[in-house]
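Structure record follows, encoded as C-alpha cells.
Since every read-out is calculated from the coordinates, none of them should be taken as a lab result. Keep in mind that this is a model prediction, so the values were computed, not measured. FYI the Cβ positions are ideal-geometry reconstructions off the backbone, even for glycines, and counts take in every protein chain you see.
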Amino acid sequence: MSGKQEVPCAGCHKAIGLKWVVALDQKWHRYCFACDTCRMPIDSRKSFFYDKGLKTCVDCAKKEDPSIGEEKTCQGCGKGIDKAWVIGLGSKWHSDCFTCNECKRVIDPKEKFFKVQVNDKHVPKCADCKVTKGIAGLDVKEKVCAGCEKEIDSAWVVALNKHWHHGCFKCSHCDREIDSKEKFLTNVGKPICMGCNNDHFRSKCKVCGKPIAGTSLIYKEDSYHHSCVSCHICGEAFVEGDHENIRIVNGKDFKHADCKKK
C-alpha cells in the first residue's frame, strides 16, 4: 500500500515512509511484521496465529501442532471440527462431545477423569462415575444404594465408604441433596449438611445465639463465644486460649484471674 502521510510502524515505531502492510489493525514495515519464533516476515495476506501478544507463522505453529491445517474429526460424534476443540485421551473433540460415558456430563479436560474402553474405543468417565471393578472388586451391577437400598446401574456417589445414587445422598435432617464436592458431617452414620449441623447439632452461644465452631466458655449448661463475654471488672472481651486465666465469681460473672476491683 502507499500513502502520502508518514505513519509510525507498530513494530519498530519508526516512520514507515511510502509502503507498509496492515495487520492486527495496525501498520507495519513489511519486515517488521515477523514471526516472533523464527523472526521471518509474515505475509499479512496469509494465515498466522496471534496469542498473548505474540505472532506465529503457520510453519512454526505446525512444529508445535502438526495437525494445524489438516481436517479435524471429533472423536465423539465423528463429525468435522471447524472451530474450537478440546484435546482429551490423545484425540480431538467438540467441547460438547467430551462427556462422561456414564452420566453424560460435559467434562473439562483439566479436571480429573478416567479412561475406559467401550466398543474398542477409549472414552472418558468422570471421577464421580469411575468404575471400581478391578480396584474394589465391584461392578456397577453389584452396587446397592445406601439410601434407597436399590441397585445402582449408572452414576453414583461414594461417601462414608458406601455407594449412593446422586439423588439419594441427602442430609438426614433437612432432606436436601448434598453435592459430593461440598463439606458434610455425619450423625449416627448418616450425612448431615453443614447448615443443619450448625443449626441443630452444634452448641450455640447463650449471648448471640450463633453456633460455636471452635472452643467455647462453658458454665453449667450454657456455652459462650469468648468474644461474647467480657470481664466484669475491666470490661475486656476474652479471647480463645484464655481458659487458664478466667474465673467465675458471684456464681454468674466471668473475670480475668488477675483483675481486681479498684
The simple spin-label model distance between Lys252 and His13, using points 7 Å out along Cα→Cβ, in nm, is 7.7
Two pseudo-spin positions, 7 Å from Cα along C-beta at Met194 and at Asp43, lie apart in nanometres by 5.9
Packing-ranked peptide list from 51-60, 95-104, highest mean Cβ count within 10 angstrom first, is 95-104, 51-60
Computed from the beta carbon distance with a Förster radius of 51 Å, FRET efficiency for Asp65 and Glu182 to the nearest 0.05 stands at 0.85
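Between Ser227 and Lys110, what's the calculated FRET efficiency when r is the beta-carbon distance and R0 is 41 Å? Round to 0.05. Intermediate results must be reported in sequence, preceding the final value.
On the way: r = 41 Å, r/R0 = 1.01.
Given R0 = 41 Å and the Cβ-Cβ separation, E is 0.50.
What's the FRET efficiency of Tyr50 with Arg30 using the Cβ-Cβ distance as r and R₀ = 22 Å, to the nearest 0.05? It would help to have the intermediate numbers written out before the result.
Values: r = 18 Å, r/R0 = 0.80.
Between Tyr50 and Arg30 the formula returns 0.80.
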Expected sort for 233-240, 24-31 on mean C-beta neighbours within 10 Å, highest first, is 24-31, 233-240
